[in-house]
Amino acid sequence: QVQLVESGGGLVQAGGSLRLSCAASGLTFSNCAMGWFRQAPGKEREFVAAISRIGSITYYADSVKARFTISRDSAKNTAYLEMNSLKPEDTAVYFCAARNGALLSMGRMRYDYWGQGTQVTVSS
């Protein structure tokens, strides 16, 4: 049974930082591209960042470029999202997703597995 478990969310002031983790089990982590998405109240789930199977390629949404960093540790079967210079508009539930295969994607329909999400709230 595949499980993706996010952690690290919370309440932070604008300008602050958080590091999200996504622990994967039940799949071959090294065979999966990983992505982070977020969903704010009343809005659709949107792409945030993705990383290729071996971590050599990353994509970011324009809204988070230069502030967020995605990474992965295959020894720990864990993906990370380092978030700096947080803004109130970053407030959302953040979801981790895994996609079988080497190619990463910005399309949420292309991901095979999803976590339950972790809440990030940025106060002004």
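The values are calculated or read from the model by the stated rules, or taken from the named source; none is laboratory data. Remember, predicted model here, so these are calculated numbers, not experimental data. Ideal geometry is used to build each Cβ from the backbone, glycine not excepted, and the neighbour counts take in all protein chains shown. Protein only, heavy atoms only, side chains kept; ligands, DNA and RNA dropped before computing areas. Shrake-Rupley method; radii C 1.70, N 1.55, O 1.52, S 1.80 Å.
Could you order the peptides 82-88, 31-37 from most to least packed, using the average number of other C-beta atoms within 10 Å per residue?
Result, highest mean first: 31-37, 82-88.
Just to make sure I understand: if all protein chains stay in place, what is the order of LYS76, LYS65 by accessible area at 1.4 Å, largest first?
Listed by decreasing accessible area, they come as LYS76, LYS65.
Quick check for you: with a 1.4 Å probe and neighbouring chains kept, what is the accessible area per residue of the chain, in Å²?
Solvent-accessible surface per residue comes out at 51 Å².
For THR91, enumerate residues with amide H under 5 Å from its amide H, sequence gap 5+ or separate chain, H modeled in the peptide plane.
Under 5 Å from the amide H of THR91 lie the amide H atoms of VAL122, each far enough along the sequence or on another chain.
Mind giving me the nanometre distance, one decimal, between the label points for ALA40 and THR69, set 7 Å out from Cα along Cα→Cβ?
According to this spin-label approximation, the distance is 2.5 nm.
Compute the length gained on full extension between THR28 and GLN119: take 0.36 nm times their separation in residues and subtract their Cα-Cα distance, giving the result in nm to one decimal.
Residue separation times 0.36 nm, minus the Cα-Cα distance, leaves 30.1 nm.
For LYS43, give me every one of the aspartates and glutamates with a C-alpha distance below 15 angstrom, ignoring sequence neighbours fewer than eight places off in its own chain.
By straight Cα distance, LYS43 reaches GLU89, ASP90.
What cysteines in the chain have no other cysteine with a beta carbon less than 4.7 Å from their beta carbon?
Isolated Cys, the chain: CYS32.
Note down the magnitude of the dipole of the chain about its Cα centre, charges +1 on Lys and Arg C-beta and -1 on Asp and Glu C-beta and zero elsewhere, to the nearest 20 debye.
160 debye
Rounded to a whole number, what % of the accessible area of the chain do carbon and sulfur atoms account for, probe 1.4 Å?
Percent of accessible area from carbon and sulfur atoms in the chain: 47.
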